[in-house]
Amino acid sequence: MVRFMAVKAILAGGLVMGLFTLSAIPLLTEESAASGYTVNVGDCFNDPLALPSTGETDVGDVPCHLPHDNEVYAQTELPLEDYPGQDALFDQAEEFCFEAFEGYVGTPYEDSILGVSYYFPTRQSWTQSNDREVACAVFDFELRKLVGSVKGSAV
């Protein structure tokens, strides 16, 4: 239901827009974490933007036929009771997202021009909202806007 941590995996190397390969960044402030943000497989959205007046983050839904930064391609609920920690969640999200990539896009990740983002619960959303969802999204490695769905595109 709610994702508060994200990682853009840029396995080709380097930093991109302040996002890094082997860590996670919060998408929402602690105050906004209770309200949450929900996306579904096939949803397109732009990168989160911090709202200067509140410090909260806005992840805008975009119709996929319009230019957008990301598309959700897989989701799963983790069957865990206790919060496993950020590192364990990162590992589980990474494994799940890379396994699901080819089935949605239609080409192996290694042959694609797309990168992968993972979204997973924070400790707060895990304990306060019973959040167990991992979501995976694709983006263009060159950070160009995507236009149309990447489902079955083999890009």
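What's the total number of residues in segment 86-96 that are without any contact (Cβ under 8 Å) to a residue 24 or more places away in the chain and of a type outside the set (Asp, Glu)?
Result for segment 86-96: 1.
For segment 97-155, a residue qualifies if it is within 18 Å of the chain's Cα centre (by Cα), more than 18 Å from Pro63 (Cα to Cα), without any contact (Cβ under 8 Å) to a residue 60 or more places away in the chain and assigned to a loop (DSSP other than H, G, I, E, B), and the qualifying residues are Ser112, Ile113, Arg132, Glu142. Quick check on Ser32: is it part of a helix (DSSP H, G or I) and either on the phi < 0 side of the Ramachandran plot or at pLDDT 95 or above (or both)? Yes: the conditions hold for Ser32.
Hey, can you tell me all the residues within segment 62-84 that are in contact (Cβ under 8 Å) with a residue 24 or more places away in the chain, of a type outside the set (A, V, I, L, M, F, W, C) and in a loop (DSSP other than H, G, I, E, B)?
Residues satisfying the conditions are His65, Pro67, Asp69, Pro79, Tyr83.
The values are calculated or read from the model by the stated rules, or taken from the named source; none is laboratory data. Values in this document were obtained by computation on a predicted structure and should not be read as measured data. Virtual Cβ from ideal backbone geometry, glycine too; neighbours counted across all protein chains shown.
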